[in-house]
1. Report the rotationally averaged projected area of segment 60-118 based on its alpha-carbon convex hull, in square nanometres.
2. Which shape class applies to the chain: rounded if a/c is under 1.5, otherwise prolate when a/b exceeds b/c and oblate if not, where a ≥ b ≥ c are the square roots of the Cα gyration tensor eigenvalues?
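Readers should treat all values here as calculations from the given coordinates under stated rules, not as data from a laboratory. On a predicted model such as this, the values are computed, not experimentally measured, just so you know.
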């Protein structure tokens with residue numbers, strides 16, 4: 001899914017309502033699919049929600065650029081030894097299962113395998 005397919009007001013199904021107050025369960029399409037909501041243009045049920053509104057190509061490009069910049073800042077923070085979540089200094093990275101965490105704050109940085117030389121952060 002991408003920005004052109006999502007309603008402008010969609011804020012995730014972990015919430016009960018969208019940004020304009022529409023209750024998600026009240027507009028669910030009569031389908032067994034887990035994502036059968038009018039919030040997604042490709043589900044074919046946008047007529048069930050009077051508030052459904054989709055981005056123009058210009059708005060999609062703007063959202064994509066914001067997402068690119070956000071990811072770039074996230075990766076630059078990690079590369080500079082700064083936790084991208086709390087901005088604390090990363091003293092070292094620790095592998096826990098298949099995830100890599102910043103120490104001492106313990107925020108998850110990413111999934112992947114940490115190389116041995118990356119475990120100790122230069123002081």
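1. Quarter of the Cα hull surface area: 4.5 nm².
2. Taking the square roots of the gyration eigenvalues as a ≥ b ≥ c, the chain is prolate.
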